[in-house]
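To start, the structure itself, in structure tokens.
What follows draws every value from the coordinates through simple rules; no lab data is involved. This structure is a prediction, so every number in the text was calculated from the model and none was measured. Methodologically, a virtual Cβ is constructed for each residue, glycine included, from the backbone with ideal geometry; neighbour enumeration extends over all protein chains shown.
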Amino acid sequence: MGIYGVANMPKKVKELSALAVKNINSAGLHAVGGVPGLHLQVTPSGAKTWILRFTAGTKPGTGKPWRRDLGLGGYPAVTLSMARAKAQEAREKIAQGIDPITEKREQRSAMIAARLAEITFETAASRYIESQSAVWKKGGKSEHQWTQSLSDYAFSQIGSLRVCDIGHSQIIQVLEPIWTTKTETATRVRQRIEAVLDWATVRGYRDGENPARWKGYLDKVLPAPSQLKKVNHHSALAVPDLPQFMSRLSKQEGISPRALEFVILTATRSGEVRGAKWDEIDMEEGVWTIPEGRMKAKKEHRVPLSSSALKLLSKLPRIEGSDFVFPPPRGNKPLSDNTLTAVLRRMEVPVTAHGFRSTFRDWCAEHTEFPSEVAEMALAHTIKNKVEAAYRRGDLFEKRRELMASWAEFCSGKMKVNT
């Protein structure tokens, strides 16, 4: 008889009927007959489950017969006839040398492993960011920046892939297009992908080497960031050229051109505009209040809206199911940074959306009499001088309102500058 043979077969007991089984209510293990070792277990609370008791070889370290209990399900969901069929099937496996308890455990482990393997990179990234968000708030790291950079550059390529399927070629596919043109951004994206995949490995969602690792891996196929020619990523438009550009931009159709217009009219960052929501906008007061969570300085920022900016907003469509002022064509996430870049490329203007902040700052300094601190406050720049920062309590809002009104006039071509 094999190691899992049915040695020490239990004594044959009376075969109970379904009605008799239904009437068993006393706590304990009750043999029901029909299949050797089949019992109905009743707990002190009254719950009933089916148990097949059998012996399988000898218990490790004792030399004694190893009595095992195999659960077959709860009663009455598993009826008496169903329990006997399951017990008979298990007995046949035991006779063949198969331990049904070990087999069941292995099947369950395989199911769990298969389920875990289904997690996608986007889901893994979301869970990793969520797990780190509390720590990042203390350390000054931005949950929004992580989410936005991965959304802009990684999710479209690998977001829907299972983390266990992501390899070297997929990482190269994400990084190569931006490695030499947006080196700093690409480096951060690589580091963030690496962190997400490390997290996935520790959690058991993937195994093997991390394909986003730099040293000894990606450094063999991509040039080191320090060796690349530094590119000015914030190329700015010359001040005198802005009104004509704005005129051309106003003729471009779509949400992305309107978002770029709003970036310029408010002198804000692209990410702040792309993430803008209607509940942040007070049309009557002409104020856009950006919450601290979306500001680089982690401080709420009020933006005075010029009549031009308000007019632009009033013409925007309201999309049902989306809170965004500049909603994407699909889904309910902010517009990608690439959409504004695409507008500039179509117009064949070799500048960046961020560069218009430099144009605004140059205009303030060279063509207006507004104080420097008003321009800096309009740009939401952090005050580096700690003494000055300690004494500056207000946000110069009314002065900034005048500044932004003048800026809008210049953008429209109504105000000329000396060239």
Return the calculated 222 nm mean residue ellipticity for the chain, to the nearest 500 deg cm²/dmol, obtained by summing -39500 (n - 2.57) across DSSP H runs with n ≥ 4 and dividing by the residue count.
-14000 deg cm²/dmol
Once you have the Cα-Cα distance between VAL221 and MET82, take 0.36 nm times their residue separation minus that, and quote the gain in nm to one decimal.
44.0 nm
Full-extension gain in nm, HIS144 to LEU316, via 0.36 nm per residue minus C-alpha separation:
59.4 nm
Here, GLU130 and GLN157, labelled 7 Å along Cα→Cβ, have an inter-label distance in nm of 2.6 nm
Plugging the Cβ-Cβ distance of SER307 and TRP214 into 1/(1 + (r/R0)^6) at R0 = 51 Å yields, to the nearest 0.05, a FRET efficiency of 0.55
Evaluate E = 1/(1 + (r/R0)^6) for GLU409 and LEU19, where r is the Cβ-Cβ distance and R0 equals 60 Å; express this FRET efficiency to the nearest 0.05.
0.05
Which listed pairs, of LYS299/LYS333; LYS48/LYS93; LYS215/LYS333; LYS251/LYS311; LYS182/LYS215; LYS182/LYS311, have C-alpha distances above 27 Å, in listed order:
LYS215/LYS333; LYS182/LYS311
By average Cβ neighbour count within 10 Å, what is the ranking of 327-333, 294-300 from highest down?
294-300, 327-333
Evaluate the charge dipole of the chain about its Cα centre and quote only its size in Debye, nearest 20, assuming +1 on the Cβ of each Lys and Arg and -1 on the Cβ of each Asp and Glu.
1920 debye
Once you place label points 7 Å from the Cα toward the Cβ at GLN244 and THR368, how far apart are they in nm?
2.3 nm
Peptides 247-255, 282-290 ordered by average Cβ neighbours within 10 Å, highest first:
282-290, 247-255
Enumerate the aspartates and glutamates that LYS315 could reach by cross-link, defined here as Cα to Cα under 14 Å, with residues fewer than 8 away along the same chain left out.
GLU253, GLU261
For labels at MET283 and PHE397 in the simple 7 Å Cα→Cβ model, what's the distance in nm?
2.0 nm
Taking Kirkwood radius over Cα pairs in Å straight from the coordinates, which label in (1) 22.8; (2) 27.4; (3) 21.0 is the correct one?
(2)
Convex hull (Cα only) mean projected area of segment 121-227, reported in nm² to one decimal
6.6 nm²
Segments 73-80, 183-190 sorted - mean Cβ within 10 Å per residue, highest first
183-190, 73-80
